[in-house]
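The values are calculated or read from the model by the stated rules, or taken from the named source; none is laboratory data. Computed from a predicted model, the values in this text were never measured in an experiment. All Cβ positions, glycine included, derive from the backbone under ideal geometry; neighbour counts span all protein chains shown. Side chains are part of the model used for accessible areas, which takes the heavy atoms of the whole protein and leaves out ligands, DNA and RNA. Shrake-Rupley method; radii C 1.70, N 1.55, O 1.52, S 1.80 Å.
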Amino acid sequence: MLPADLTLLAIESSCDDTAAAVLTGGRVASSVVASQRIHEGFGGVVPELASRAHQRLIVPTVEAALEEAGVTKDDLQAVAVTYGPGLAGSLLVGLSFAKALALGLGVPLVGVNHLEGHVYSVFIDAPRPAFPYLCLTVSGGHTLLTLVHEGFVHEELGRTRDDAAGEAYDKVAKLLGLGYPGGPPVDRLAAEGDPSFRAFPSPRLPGPDGRPGYAFSFSGIKTNVRYFLQDLAPAERERVLTDHLADVCASFQQAVVDALVGAVRDAVRETGVRHVALVGGVSANRGLRAAAQAAAEADGFALHVPAFQHSVDNAAMIAVTGAFKLAAGQTSGLDLTAEPSLKL
Ligand code: KG4
Ligand code: ZN
């Protein structure tokens, strides 16, 4: 599936991770991610700090990826780079670097949509899905259920109307004083908590027939967590935040996981498609992985979830997608610009 005779460097800098990967000999031979810890104290990514950090980190990150793969710049036959969606200033750092490198080496530049990178992240490692496959993309910026056909065709079944699933994790974590990014600590605490502690509203919206559909809303559940805490008397709130923190996390996570896995199961039933991919930062969630795996066994579909390091932002997925694009003859000109609001 991945071309054996191509050596390609991929660069990803759309948000707060500076990442580079090398594809060579038909496999991803290195994938380096420099995570920017500077945002932790701010409760979210500070765009100006992110782009400055990318400038500082891009050269050492690319050098580390080349070295780990055992290749030099002169071995490269193409450079793939994320050009959107994401933070404009962050995207521009990776994009300018990739353009300069491709121009200097005289090799093709391949622009990659970050979301498409997540969608094809299930091709980094075997076993790979067959087309068409259902893909649930759940990240900090997106929540999207698509049917992925061969030839870069993404048929949308549903998406979120407001916040993304990862955003809900981050905002709820902030309300609970758990820091940024919020997914990992909520995931950790949820494993020890009681999910029946409180019933939070389902983030799944009704479809045209009134039954749960494929569209989501995550702002409601976030607001519900906020009001639940706000409405408690100060002493009671203190008690909940100390004695029942894990239970609140488990209850929130249960509502999110039920909605996401429920939509996937219904889509499998409705479309008859037997391959399902779960991608994006939130697919690193252990509760979601376990529930999706149980559904796959019960309903008889093949579940494809990337390795943890390939669920969250990385350049290995940009390398794989870049190789697919290159094989299809889809290269980019040096006039490629950053597109912060790029859609799938
Ligand atoms: O895909 P990603 O790394 O970046 C975007 O493209 O947005 O996703 C980041 C999101 C964050 O909201 C983060 O809180 C969430 O993924 N996340 C998780 C977990 N690990 C990361 N959410 C739930 N459980 C996790 N274990
Ligand atoms: Zn992402």
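Conditions tested, residue by residue: (1) more than 16 Å from ligand 1 (Cβ to nearest atom); (2) assigned by TED's automatic domain parsing to the domain that holds Y133; (3) open to solvent by less than 50 Å² (accessible area, probe 1.4 Å).
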{"site": "A267", "(1), (2), (3)": "yes, yes, yes"}
{"site": "R274", "(1), (2), (3)": "yes, yes, no"}
{"site": "V282", "(1), (2), (3)": "no, yes, yes"}
{"site": "A292", "(1), (2), (3)": "no, yes, yes"}
{"site": "F301", "(1), (2), (3)": "yes, yes, yes"}
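Considering only residues in segment 127-142 that are within 16 Å of ligand 1 (Cβ to nearest atom) and open to solvent by 10 Å² or more (accessible area, probe 1.4 Å), the one that is nearest to the chain's Cα centre (by Cα) turns out to be S139. Taken as a whole, segment 117-133 holds no residue that is touching a strand residue (DSSP E or B) at 6+ places or on another chain (Cβ under 8 Å), more than 16 Å from ligand 2 (Cβ to nearest atom), aliphatic (A, V, I, L, M) and assigned to a strand (DSSP E or B). Of the listed requirements (1) within 16 Å of ligand 2 (Cβ to nearest atom); (2) closer than 30 Å to L103 by Cβ, V305 misses just one: (2). With respect to the conditions (1) within 20 Å of the chain's Cα centre (by Cα); (2) more than 16 Å from ligand 2 (Cβ to nearest atom); (3) assigned to a loop (DSSP other than H, G, I, E, B), Y214 lacks only one, and its number is (3). As a summary of the residue check, V107 satisfies the conditions (1) open to solvent by 10 Å² or more (accessible area, probe 1.4 Å); (2) within 16 Å of ligand 2 (Cβ to nearest atom); (3) in the same structural domain as S30 (by TED's automatic domain parsing); (4) outside any helix (DSSP H, G or I) except for the one numbered (2).
Residues that are touching a residue at least 12 places away in the same chain (Cβ under 8 Å) and either open to solvent by 70 Å² or more (accessible area, probe 1.4 Å) or farther than 17 Å from K171 by Cβ (or both) within segment 189-206 comprise A191, E192, G193, D194, P195, S196, F197, R198, A199, S202, R204, L205, listed in sequence order. Residues in segment 308-318 that are within 11 Å of ligand 2 (Cβ to nearest atom) and not small (G, A, S): H310, V312, D313, N314, M317, I318.
Is at least one residue of segment 61-83 closer than 21 Å to P181 by Cβ, open to solvent by 50 Å² or more (accessible area, probe 1.4 Å) and either in a helix (DSSP H, G or I) or in the same structural domain as V320 (by TED's automatic domain parsing) (or both)? Taking every residue of segment 61-83 in turn, none turns out to be closer than 21 Å to P181 by Cβ, open to solvent by 50 Å² or more (accessible area, probe 1.4 Å) and either in a helix (DSSP H, G or I) or in the same structural domain as V320 (by TED's automatic domain parsing) (or both). Within segment 314-322, is there a residue that is at pLDDT 95 or above and touching a His at 6+ places or on another chain (Cβ under 7 Å)? The answer is yes, given that some residue of segment 314-322 is at pLDDT 95 or above and touching a His at 6+ places or on another chain (Cβ under 7 Å).
Restrict the check to segment 221-237 and report whether at least one residue is in contact with a helix residue (DSSP H, G or I) (Cβ under 7 Å, 6 or more places away or on another chain), free of Cβ contacts under 8 Å to residues at least 12 places away in the same chain and either farther than 23 Å from E297 by Cβ or assigned to a helix (DSSP H, G or I) (or both). So far as segment 221-237 goes, yes, one or more of its residues are in contact with a helix residue (DSSP H, G or I) (Cβ under 7 Å, 6 or more places away or on another chain), free of Cβ contacts under 8 Å to residues at least 12 places away in the same chain and either farther than 23 Å from E297 by Cβ or assigned to a helix (DSSP H, G or I) (or both). In segment 308-333, which residues are within 13 Å of ligand 1 (Cβ to nearest atom) and either open to solvent by 20 Å² or more (accessible area, probe 1.4 Å) or among the basic types (K, R) (or both)? Once the filter is applied, which keeps residues that are within 13 Å of ligand 1 (Cβ to nearest atom) and either open to solvent by 20 Å² or more (accessible area, probe 1.4 Å) or among the basic types (K, R) (or both), segment 308-333 yields F308, Q309, V312, D313. Out of the residues in segment 9-51 meeting the condition of being open to solvent by 30 Å² or more (accessible area, probe 1.4 Å), within 15 Å of ligand 2 (Cβ to nearest atom) and closer than 30 Å to Q77 by Cβ, tell me which one is modelled with the lowest pLDDT. Here the residue is S35. Taken over segment 143-177, residues that are part of a loop (DSSP other than H, G, I, E, B) and either open to solvent by less than 50 Å² (accessible area, probe 1.4 Å) or touching a Phe, Trp or Tyr at 6+ places or on another chain (Cβ under 8 Å) (or both) amount to 7.
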